[in-house]
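Below is one structure, written out as structure tokens, with a few remarks after it.
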Amino acid sequence: DVKVTQSSRYLVKRTGEKVFLECVQDMDHENMFWYRQDPGLGLRLIYFSYDVKMKEKGDIPEGYSVSREKKERFSLILESASTNQTSMYLCASTLTTSNTQYFGPGTRLLVL
Amino acid sequence: QKEVEQDPGPLSVPEGAIVSLNCTYSNSAFQYFMWYRQYSRKGPELLMYTYSSGNKEDGRFTAQVDKSSKYISLFIRDSQPSDSATYLCAMSAGSGNTGKLIFGQGTTLQVKP
């Protein structure tokens, strides 16, 4: 079974803090994705990566950066957290030859 | 206009009912269609996967794609309280590196005992 894990289920941070969200997958998937999910807005793609050290902007990259130093790990960074970044953050991965994405359990981030 | 439209509901049905969930889309290049189920406070999990037009059945679940109408459906027969979740449709024009998924907003379903 594919397993995608995320470092935290719940996080509470202060405005202006730097926040790291980590995602690890154990199936040797090349592609990894970060989404945020908000009521009424559905899933929105923040960044994705097709390979180590490679990244592509999604639909809403502003205020976020990512890092992929190892194939299995994809990190999302909020350089200076703001209250409008309070959301559910979901990581997903997939093989290059597939478009079936496997999701982690999500991280609920609250920025005060 | 969004590329993928999905009625967010909520949809409430009695146990045993047949449920119909739908999405419409505007991009005629979409060829791969998926349904994900997401339980409260969990990540989405793949439920059904269909390529191009036609029907696919898996137990109580049937996925239908009508490319001519740009319309996809998920039917749940004999619905159970354990089916209560948010259902997300997703679609893609290609597989792999070209296959970025576009998601619907999700429909929240409640099946009452």
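The values are calculated or read from the model by the stated rules, or taken from the named source; none is laboratory data. For clarity, every value in this text was computed on a predicted model and none was experimentally measured. Cβ sites come from the backbone with ideal geometry, for glycine too, and all protein chains shown count toward neighbours. Heavy atoms of the whole protein, side chains included, go into the accessibility calculation; ligands, DNA and RNA do not. Shrake-Rupley method; radii C 1.70, N 1.55, O 1.52, S 1.80 Å.
Here is the P(r) of chain A: all C-alpha pair distances, binned every 5 Å from 0, give 2, 13, 24, 27, 19, 10, 4, 1, 0 in whole percents. Take every Cα pair under 8 Å whose residues are at least 6 apart in sequence, average their separation, divide by the length of chain B, and the relative contact order is 37 percent. When restricted to Cα atoms, the protein assembly as shown yields an Rg and a Dmax of 17.5, 50 Å, respectively.
Along the axis of the charge dipole computed for the protein assembly as shown (Cβ charges of +1 for Lys and Arg, -1 for Asp and Glu, origin at the Cα centre), the listed residues A:39, A:76, A:97 are led at the positive end by A:76. For residue B:70, which lysines qualify as cross-link partners when the Cα separation must be under 26 Å and same-chain residues fewer than eight apart are set aside? Once the sequence-local lysines are set aside, what remains near residue B:70 is B:2, B:56, B:100. The C-alpha atoms of chain B occupy a region whose extents along the principal axes are 42, 28, 25 Å, arranged from largest to smallest.
For region A:1-45, the pair-distance distribution built from all alpha carbon pairs, in bins 5 Å wide starting at 0, is 5, 14, 20, 23, 23, 10, 5, 1 percent.
Taking the protein assembly as shown as a whole, each Cys residue has some other Cys C-beta under 4.7 Å from its C-beta.
Pulled fully out, how much extra length does the chain show between residue B:58 and residue B:1, if you take 0.36 nm times their separation in residues and subtract their Cα-Cα distance? Each step should come with its number before you reach the end.
Details: separation 57, 0.36 × 57 = 20.52 nm, distance 3.22 nm.
Result for the pair: 17.3 nm of gain on full extension.
Using a 1.4 Å probe on the protein chains only, how many percent of the accessible area of chain A belongs to carbon and sulfur?
On the way: 2670 of 5300 Å².
C and S fraction of accessible area: 50 percent.
Note on chain B: with charges restricted to the Cβ of Lys and Arg (+1) and Asp and Glu (-1), its dipole about the Cα centre is near 200 debye.
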